[in-house]
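Peer 1: Supplied in structure tokens, the structure appears directly below.
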Amino acid sequence: MAFTGITATGTKGQQFQRMLFEANRLCAEDGHGLAPYRYRTVQLCGRGETFIGVMDVAIEDTWTHLDGSSIANNDFWSTFWVDADLRLNQPNGGTGQNCAVINKRSFRLPNKTQDKSCTNVFRDEMLCYKKVNCLKWNSTSDQLYREHCYWFTSKPSSMTSWTIVDAMNKCRDDGGYLAPLIDDQNYQFIRDDVLSSVFSLKSTQVWLGTHSIIGSPSNWNNDPAFVSLLSPSSSSEKCVVIDSNQIQSWIPCNTNSNALTGAVCFKHGLAGDIPLISPEPITCEPEISSVNINSTTVEELKRILFIDPEHTNAYKLTKISVYEDRPVAKAIGGVGVVILISVILFIVLLDCQRMEQCISKKKTNTSTNM
């Protein structure tokens, strides 16, 4: 299994209270999981505190993912809120707070994290990530070697329609295509590795990328064009779905039923070749109107915003001449320098003549007296 991206999900259009593990279950219903620690993960934040899949239940201050896997160098510590007010530093809940959330927008540091009790009930958002399962195999249908990565995508809560075309468009939005049926190995992988967790949590039907529009089972991506795995449909213009009982069936391609809630998408290549499924995470800014500004904050802001007048360009310019690099200005300056030097030399020469006359006169007077 590989991970290709993370996507923030709310409450599917409904707001209700839940605990961290309830949030994890809701992520799993869409074929995802509560997001593990990634550097990008902590760049997302919502209106409320946002659940992520990190805990230190086993050993205090040693943070792991919800599946118990370790975080390299215990690096989750770098995401915690550190404040000038030591009382606000995180984590601060000890053994009573063993799970983590991203700060809400009204905090001064909305992209930082803090520890919370795993059983606390919040009116929060949750951060889910898409699970991507990759398969490489030699197909029995045409003896070709293939590398495919598959993931489940759910019908967006904002959409009222979920036909085969809607599913295709959603897969393209996710960076892939509707998954074809190729042979038994590919089908079993989709059923057991991609859809098992979804089907274990809810009863649903899921679109696959196979149709009978040309009279025989074919894949939309023509790879391979003919599907020997399936029996032909009794009528044309049918598409394949698989349900929670892991049964394939043909239904009209324009079916728009509440029973249809998702699709299986795929992309060629292994996980490293798959782009992020979700949009690039962004850093949230705090809502200024609801920021709690205390005396420490004000003094810190004063210190940061204070500018020494003697360090400004305006002050420095008062201490230096204005530089002028135009040729005419330089020529005028040169002429001025020559004139000044000439005047000084003329005055010096006059003084030299007078000094010479004085010396000569003094010598003459001295000779006369002798």
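Peer 1: Take Lys131 and decide whether it is in contact (Cβ under 8 Å) with a residue 60 or more places away in the chain and within 20 Å of Thr50 (Cα to Cα). Break it down into steps so the answer makes sense when it comes.
Peer 2: Numbers: in contact (Cβ under 8 Å) with a residue 60 or more places away in the chain: yes; within 20 Å of Thr50 (Cα to Cα): yes.
It is true that Lys131 is in contact (Cβ under 8 Å) with a residue 60 or more places away in the chain and within 20 Å of Thr50 (Cα to Cα).
Peer 1: Condition check: farther than 30 Å from Met19 by Cβ and not in a loop (DSSP other than H, G, I, E, B). Does Trp151 satisfy that? Reasoning before the result, please.
Peer 2: Numbers: farther than 30 Å from Met19 by Cβ: no; not in a loop (DSSP other than H, G, I, E, B): yes.
Here the answer is no, as Trp151 does not meet what is asked.
Peer 1: Which numbered condition trips up Leu181, out of (1) at pLDDT below 90; (2) part of a loop (DSSP other than H, G, I, E, B)?
Peer 2: Only one criterion in (1) at pLDDT below 90; (2) part of a loop (DSSP other than H, G, I, E, B) is unmet by Leu181, namely (1).
Peer 1: Just name the residue that is farthest from Arg303 (Cα to Cα) out of those in the range 54-101 that are touching a Leu at 6+ places or on another chain (Cβ under 7 Å) and assigned to a loop (DSSP other than H, G, I, E, B).
Peer 2: Per the stated criteria, the residue is Leu66.
Peer 1: Could you check, for the range 54-73, whether at least one of its residues is touching a Ser or Thr at 6+ places or on another chain (Cβ under 8 Å), modelled with pLDDT of 80 or more, under 14 Å from Met126 (Cβ atoms) and open to solvent by less than 10 Å² (accessible area, probe 1.4 Å)?
Peer 2: Scanning the range 54-73 turns up at least one residue that is touching a Ser or Thr at 6+ places or on another chain (Cβ under 8 Å), modelled with pLDDT of 80 or more, under 14 Å from Met126 (Cβ atoms) and open to solvent by less than 10 Å² (accessible area, probe 1.4 Å).
Peer 1: Give me the strands (runs of 3 or more DSSP E) completely within the range 185-271, filtered to those with at least 1 residues that are over 26 Å from Met159 (Cβ atoms), ordered by residue number. I'd like the intermediate steps shown before the answer.
Peer 2: Values: elements: 205-211, 238-243, 248-252, 260-268.
Filter on the range 185-271 gives 260-268.
Residue-by-condition table, conditions (1) without any contact (Cβ under 8 Å) to a residue 60 or more places away in the chain; (2) touching a Leu at 6+ places or on another chain (Cβ under 6 Å); (3) hydroxyl-bearing (Ser, Thr, Tyr); (4) over 21 Å from Pro217 (Cβ atoms):
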| site | (1), (2), (3), (4) |
| --- | --- |
| Glu147 | no, yes, no, yes |
| Trp151 | no, no, no, yes |
| Pro156 | yes, no, no, yes |
| Ile164 | no, no, no, no |
| Asn169 | yes, no, no, yes |
| Arg172 | yes, no, no, yes |
| Tyr177 | no, no, yes, no |
| Ile182 | yes, no, no, no |
| Ile190 | no, no, no, no |
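The values are calculated or read from the model by the stated rules, or taken from the named source; none is laboratory data. Here the structure is a predicted model, which is why all the values come from computation and not from measurement. Backbone-built Cβ (ideal geometry, glycine too); neighbour counts: all protein chains shown. The protein model used for the area step is the full one, side chains on, heavy atoms only, and it has no ligands, DNA or RNA in it. Shrake-Rupley method; radii C 1.70, N 1.55, O 1.52, S 1.80 Å.
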